[in-house]
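Asks: Could you have a look at this structure, given as structure tokens, before my questions?
The values are calculated or read from the model by the stated rules, or taken from the named source; none is laboratory data. Remember, predicted model here, so these are calculated numbers, not experimental data. Quick reminder, even Gly has a Cβ in these numbers, built from the backbone with ideal geometry, and neighbours come from all protein chains shown.
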Amino acid sequence: MSSSNVVFEIKTPLGFLVRCTQSYWTFIVTEKHPSLFGHENEVKQTLSDPDEIRRSKKDPDVYLFYQGTKPRWICAVARKQGESGFLITAYHTDSIKAGETIWKKSK
């Protein structure tokens with residue numbers, strides 16, 4: 001992957017970087033979750049300063065980063081590979097999914 005194609009690379013509270021290419025971000029906001037169009041900064045903020053991080057029940061290398069308050073959160077889903085990772089998807093949600101809570105913001 002060309003670094004010039006990377007639209008963001010964000011360090012998470014878990015200590016690994018999450019990257020997303022311009023073409024993949026375009027895919028997310030046009031095909032998967034159009035409601036996120038124009039919300040790139042909120043997704044980056046969710047990865048860098050989440051309210052809660054959960055581990056996927058299905059894959060121990062996948063983390064769900066949540067930011068927001070009931071009834072509306074942004075969830076950014078990332079796969080960790082060593083010291084880095086990549087964005088799988090991001091979406092608005094009205095509930096925090098099941099899974100092991102592995103990090104929570106101090107109040």
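Asks: Among the residues of the stretch 64-73, is any without any contact (Cβ under 8 Å) to a residue 60 or more places away in the chain, outside any helix (DSSP H, G or I), of a type in the set (D, E, K, R) and under 19 Å from Asn5 (Cβ atoms)?
Replies: No, the stretch 64-73 contains no residue that is without any contact (Cβ under 8 Å) to a residue 60 or more places away in the chain, outside any helix (DSSP H, G or I), of a type in the set (D, E, K, R) and under 19 Å from Asn5 (Cβ atoms).
Asks: Take the residues in the stretch 60-96 that are under 23 Å from Ser35 (Cα atoms) and exposed (fewer than 13 other Cβ atoms within 10 Å of the Cβ), then tell me which one is modelled with the lowest pLDDT.
Replies: So, considering only residues that are under 23 Å from Ser35 (Cα atoms) and exposed (fewer than 13 other Cβ atoms within 10 Å of the Cβ), the one modelled with the lowest pLDDT is Lys70.
Asks: Taking Ile53 as the residue in question, decide whether it is touching a residue at least 40 places away in the same chain (Cβ under 8 Å) and crowded, with 16+ Cβ neighbours inside 10 Å.
Replies: Yes; evaluated as a whole, the condition is true for this residue.
Asks: When the stretch 40-50 is examined, which residues are found to be part of a loop (DSSP other than H, G, I, E, B) and surrounded by 17 or more Cβ atoms within 10 Å (Cβ to Cβ)?
Replies: Correct list: Pro50 only.
Asks: While we're looking at this one, here's another question. Against the definition (surrounded by 12 or more Cβ atoms within 10 Å (Cβ to Cβ), in a strand (DSSP E or B) and either among the aliphatic types (A, V, I, L, M) or within 9 Å of the chain's Cα centre (by Cα) (or both)), how does Val29 come out, yes or no?
Replies: Against the criterion (surrounded by 12 or more Cβ atoms within 10 Å (Cβ to Cβ), in a strand (DSSP E or B) and either among the aliphatic types (A, V, I, L, M) or within 9 Å of the chain's Cα centre (by Cα) (or both)), Val29 does not qualify.
Asks: Separate question: Pairs please, first residue from the stretch 7-19 and in contact (Cβ under 8 Å) with a residue 40 or more places away in the chain, second anywhere and among the polar types (S, T, N, Q), Cβ atoms under 7 Å, 6+ apart in sequence or on different chains.
Replies: Thr12/Ser48; Phe16/Ser84; Leu17/Ser84; Val18/Thr12; Arg19/Ser84
Asks: Next question, about the same structure. Of all residues in the stretch 17-49, which are hydrophobic (A, V, I, L, M, F, W, C), touching a Gly at 6+ places or on another chain (Cβ under 9 Å) and either modelled with pLDDT under 95 or closer than 24 Å to Gly82 by Cβ (or both)?
Replies: Of everything in the stretch 17-49, those that are hydrophobic (A, V, I, L, M, F, W, C), touching a Gly at 6+ places or on another chain (Cβ under 9 Å) and either modelled with pLDDT under 95 or closer than 24 Å to Gly82 by Cβ (or both) turn out to be Leu17, Val18.
Asks: Could you run through the stretch 97-107 and say how many residues are surrounded by 15 or more Cβ atoms within 10 Å (Cβ to Cβ) and modelled with pLDDT under 95?
Replies: Number of matching residues: 1.
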